[in-house]
Protein chains: 2
Amino acid sequence: MSADRPYTYVLERLNAAGLRPTRQRLALAKLLLEAGDRHITAEQLHSEAVAAGIKVSLATVYNTLHQFTKAALLREVVVEAGRAYFDTNTSEHHHLFREDTGELSDIAPSAIAVSELPVPPDGMTIDRVEVIVRIKPS
Amino acid sequence: MSADRPYTYVLERLNAAGLRPTRQRLALAKLLLEAGDRHITAEQLHSEAVAAGIKVSLATVYNTLHQFTKAALLREVVVEAGRAYFDTNTSEHHHLFREDTGELSDIAPSAIAVSELPVPPDGMTIDRVEVIVRIKPS
DNA sequence: GTGTTTGCAAAGTGTTTGCAATTTA
DNA sequence: TAAATTGCAAACACTTTGCAAACAC
């Protein structure tokens with residue numbers, strides 16, 4: 001959410017998804033989308049929101065994250081069993097995951113070339129291809 | 001664990017990891033490694049073991065899976081938040097994941113070419129590169 | 001015998017859900 | 001006012017842990 005398109009972008013997406021622009025959703029969208037590309041868990045976002053004085057429950061944060069994901073404002077990334085990360089970068093790209101800290105960052109799609117993808121079985125289509133580069137202290 | 005190396009392989013690995021070849025560990029190893037490449041969750045393996053008349057608790061299955069992973073008999077694969085899969089194929093390869101059924105299968109490393117990997121930050125090394133091709137009904 | 005392993009049940013995580021109260025259009 | 005949304009607490013699925021009994025060497 002850059003300065004020159006204040007809420008229009010979010011409002012459009014919410015509207016397209018049939019979601020009312022409530023106080024909580026707008027506040028969370030602001031936290032999520034104003035600071036550039038982010039990778040965040042529900043707990044982290046909830047803490048941030050509370051710290052910022054936004055009255056919102058963890059349950060609503062979870063609901064909102066999933067609604068935003070469905071509305072294409074976010075993308076879910078699975079790197080650790082038992083923790084869901086949400087990525088504000090919804091364009092095609094890959095991930096670098098620091099196993100010691102749980103820190104997740106983007107890798108530009110151009111930085112990794114994936115070729116010769118398998119042909120999916122009949123009646124199936126490729127939803128997406130994820131590349132996760134896992135790094136750890138050497 | 002093929003017919004011509006009955007328990008030697010498992011015994012060696014357990015030994016190398018300082019793990020005693022107990023009834024439970026040997027039985028689980030047999031289930032895991034005798035049937036070729038498998039992708040299995042702790043619950044699934046526990047069910048199989050119980051069905052096969054092996055007396056083992058779910059806690060022990062979890063412990064054993066992690067010990068086997070540390071001993072390089074298994075590899076853990078993360079494809080879904082909140083569920084851990086263990087792969088009996090420990091060599092380098094990629095995965096095809098059916099999002100509707102949770103079914104996981106291997107993709108030969110030769111089937112996907114990953115190039116131009118990013119250089120890890122200082123003091124970090126690439127632990128591994130995972131490619132997950134997610135498919136769903138079209 | 002001594003140290004390891006097991007099993008149970010309890011505790012822990014992260015996430016989802018039911019429902020009354022609140023808010024939005 | 002009608003329908004959507006929220007918050008709480010309870011329920012959930014999966015996983016880990018503490019500790020006494022059982023087992024391996």
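Every read-out reported here was derived from the displayed coordinates using simple, explicitly stated rules and does not represent laboratory data. Keep in mind the model is a prediction, meaning the values are calculated, not measured. Virtual Cβ from ideal backbone geometry, glycine too; neighbours counted across all protein chains shown.
For region B:66-89, how many residues meet the condition of being within 12 Å of DNA strand C (Cβ to nearest atom) and under 17 Å from B:TYR9 (Cβ atoms)?
Total satisfying the criteria: 4.
Taking B:THR90 as the residue in question, decide whether it is more than 16 Å from DNA strand D (Cβ to nearest atom), among the hydroxyl-bearing types (Ser, Thr, Tyr), away from every other protein chain (no Cβ under 14 Å) and under 29 Å from A:ARG128 (Cβ atoms).
Working: more than 16 Å from DNA strand D (Cβ to nearest atom): yes; among the hydroxyl-bearing types (Ser, Thr, Tyr): yes; away from every other protein chain (no Cβ under 14 Å): yes; under 29 Å from A:ARG128 (Cβ atoms): yes.
Taking the combined requirement at face value, the residue satisfies it.
Working only within region B:73-96, note down all residues that are closer than 18 Å to B:GLY36 by Cβ and among the aliphatic types (A, V, I, L, M).
B:LEU73, B:LEU74, B:VAL77, B:LEU96
Consider A:GLU103 carefully, then state whether it is of a type in the set (Asp, Glu) and closer than 21 Å to B:HIS95 by Cα.
no
Anything in region A:21-31 that is over 12 Å from A:ALA71 (Cβ atoms) and either near DNA strand C (Cβ under 9 Å from one of its atoms) or of a type in the set (A, V, I, L, M) (or both)? List them, or say none. Even if it seems obvious, please write down each step before you answer.
Start the filter on region A:21-31 by keeping residues that are over 12 Å from A:ALA71 (Cβ atoms), which leaves A:22-24, A:26-28, A:30-31.
Once the filter is applied, which keeps residues that are over 12 Å from A:ALA71 (Cβ atoms) and either near DNA strand C (Cβ under 9 Å from one of its atoms) or of a type in the set (A, V, I, L, M) (or both), region A:21-31 yields A:THR22, A:ARG23, A:GLN24, A:LEU26, A:ALA27, A:LEU28, A:LEU31.
Given (1) away from DNA strand D (no atom under 16 Å from the Cβ); (2) basic (Lys, Arg); (3) under 26 Å from A:ALA17 (Cβ atoms), identify the lone condition not met by A:ARG98.
Failed condition: (3).
Evaluate the following for B:ILE126: is it hydrophobic (A, V, I, L, M, F, W, C), facing chain A (nearest Cβ under 7 Å) and over 22 Å from A:VAL119 (Cβ atoms)?
Answer is yes for this residue.
Take A:PRO118 and decide whether it is without any contact (Cβ under 8 Å) to a residue 60 or more places away in the chain, loosely packed, with under 13 Cβ neighbours inside 10 Å and within 7 Å of chain B (Cβ to nearest Cβ). Lay out the reasoning, then the answer.
Values: without any contact (Cβ under 8 Å) to a residue 60 or more places away in the chain: yes; loosely packed, with under 13 Cβ neighbours inside 10 Å: no; within 7 Å of chain B (Cβ to nearest Cβ): yes.
When the stated conditions are applied, A:PRO118 does not pass them.
Report whether or not B:VAL114 is of a type in the set (Val, Ile, Thr), assigned to a strand (DSSP E or B) and more than 22 Å from B:HIS46 (Cβ to Cβ).
For B:VAL114, the condition - of a type in the set (Val, Ile, Thr), assigned to a strand (DSSP E or B) and more than 22 Å from B:HIS46 (Cβ to Cβ) - is met.
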